[in-house]
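Peer 1: Shown below is the structure under consideration.
Each reported figure results from applying straightforward, stated rules to the coordinates on display, with no laboratory input. In this text the structure is predicted, and so the values were computed from the model without any measurement. Every residue, glycine among them, receives a Cβ derived from its backbone with ideal geometry; neighbour counts consider all protein chains shown.
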């Protein structure tokens, strides 16, 4: 896992080819062999990935919840966790995303807003399975309700 190298860079010039994954897409890519997992894997494989720092904690927690719910076994959870730590993801710190994430607080949780803020700051497409985060970000920018410049990709 890459640590915050991207954090020292700014804006859309740096990440024009980046793909931004949220915890839902990353988790499904790691453990789901169904249509959602295949979609997430195809969407992120071979891409330069970026995410807020909190994404790693959220994915680890989702793996834990999947194991506790019996959706995956302990061995699969442990393997997926090891794979998570091996993913080449540029992690962006909260302080670079905080102003925009805070502005979005009336529409999204701060966690979810950090994903949207990162997509806006970098111009990267947000890959997500969470329709709440995607909202109308799958529409062309001039047709979005919330004034967000972020683009999202959902299955």
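Peer 1: If I model a spin label as a point 7 Å beyond the Cα along the Cα-Cβ vector, how far apart are those points for residue 71 and residue 109 in nm?
Peer 2: The two pseudo-label positions are separated by 1.4 nm.
Peer 1: Could you let me know the centre-to-centre spacing of region 53-77 and region 25-41, using Cα atoms, in angstrom?
Peer 2: The two parts, judged by their Cα centres, are 13 Å apart.
Peer 1: What nm value, rounded to one decimal, do you get for the distance between residue 102 and residue 78 when each label is placed 7 Å out toward the C-beta?
Peer 2: 4.3 nm
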